[in-house]
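Please read the structure below before turning to the comments.
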Amino acid sequence: MYRTTLLLVAILGCTQAFPSGAHNNASNIMDSLSSHCTSGHFRPNHGQNLPQHTEPPYTITVSSPAGTMYKAGQPVTVTIGGVGAQKFKGFFLFGDCTAMAFAGEIVCEQGHNVTFCGKSGATHSNAVDKSQVVCKWTPPDYQVGRVQFVATVVQKFDTYWTSVKSSTTLDADPTMMTYEQKSAQLRNLMLSQMSNMGQGQAFNMFNSLQPQGQPQGNPFAPFFNQG
């Protein structure tokens, strides 16, 4: 069991492809140009096989101790399950939200973290048949807007469904700090740290926050991950 800081997307595998889960391509920026990323469906790299267009025989259920809301540090249970006797071999689960970026921490049984197309999520760690997988999402200490969970579910190599969505969405507890307040807090923290450094140290610090070997991203992202 491994931990992952949320946000979402991967190439999935099963017995003939990636039996230990989705392919991690965090260091390959060219993959972001592939149709697996740009199609918006986060397709597995399963040759000529395209996703099924029928109703998926799988559901994602969400249960929060705060009812229809999520609160800082209170784990939310997210379960991928088959309808009836349907089983599946592989999955990729990620969180979607109305804020600029999803955050928090996901732990899935029989799963581990993966990053694809610049997004993070949880994937399977083996290709044995599963009737369900239970995951836990621990929200960050700030609001990320309305939250929904989405998955690609692989039944077998040539049969899979993309964009399987939870019917339940969660709103943020209004007592949590907003995304904008968190951004301001982290920006002030960074500026405070930089003000105590020499010019060279400050430049090195800012440069170290940029993704290595990738186009420049949000320099405050590592601070969000600490939240």
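Scanning the stretch 128-153 for residues that are open to solvent by 20 Å² or more (accessible area, probe 1.4 Å), part of a strand (DSSP E or B), out of contact with any Pro (no Cβ under 7 Å at 6 or more places or on another chain) and of a type outside the set (A, V, I, L, M, F, W, C) yields a count of 2.
Residues of the stretch 62-90 that are surrounded by 15 or more Cβ atoms within 10 Å (Cβ to Cβ) and either of a type in the set (Val, Ile, Thr) or touching a Leu at 6+ places or on another chain (Cβ under 7 Å) (or both): Val62, Ser64, Met69, Tyr70, Val76, Val78, Thr79, Ile80, Gly90.
Of all residues being open to solvent by 60 Å² or more (accessible area, probe 1.4 Å) and assigned to a strand (DSSP E or B) in the stretch 106-121, which is farthest from Val144 (Cα to Cα)? Just the residue, please. Even if it seems obvious, please write down each step before you answer.
Here is the first cut: in the stretch 106-121, the residues open to solvent by 60 Å² or more (accessible area, probe 1.4 Å) are 109-110, 113, 118-119.
Checking which are assigned to a strand (DSSP E or B) leaves us with 113, 119.
On the way: Asn113: 20, Lys119: 15 Å.
That would be Asn113.
Inside the stretch 91-101, can you point out the residues that are among the acidic types (Asp, Glu) and buried (at least 24 other Cβ atoms within 10 Å of the Cβ)? Within the stretch 91-101, no residue meets the criteria. When every residue of the stretch 155-170 is checked against the conditions, at least one turns out to be assigned to a strand (DSSP E or B), open to solvent by 10 Å² or more (accessible area, probe 1.4 Å), small (Gly, Ala, Ser) and touching a strand residue (DSSP E or B) at 6+ places or on another chain (Cβ under 9 Å). Figure legend. Inter-residue proximity from the stretch 76-89: first residues under 21 Å from Ala103 (Cβ atoms), second residues part of a loop (DSSP other than H, G, I, E, B) and open to solvent by less than 70 Å² (accessible area, probe 1.4 Å), beta-carbon distance below 8 Å, spacing 6+ or different chains. Indicated pairs: Val76/Ser64; Val76/Pro139; Thr77/Ser64; Val78/Ser166.
The values are calculated or read from the model by the stated rules, or taken from the named source; none is laboratory data. What you see is a predicted model, and the numbers here were worked out from it, not measured in a lab. As a convention, Cβ positions derive from the backbone with ideal geometry for all residues, glycine included, and neighbour counts pool all protein chains shown. Surface accessibility is based on the protein's heavy atoms, side chains included, excluding ligands, DNA and RNA. Shrake-Rupley method; radii C 1.70, N 1.55, O 1.52, S 1.80 Å.
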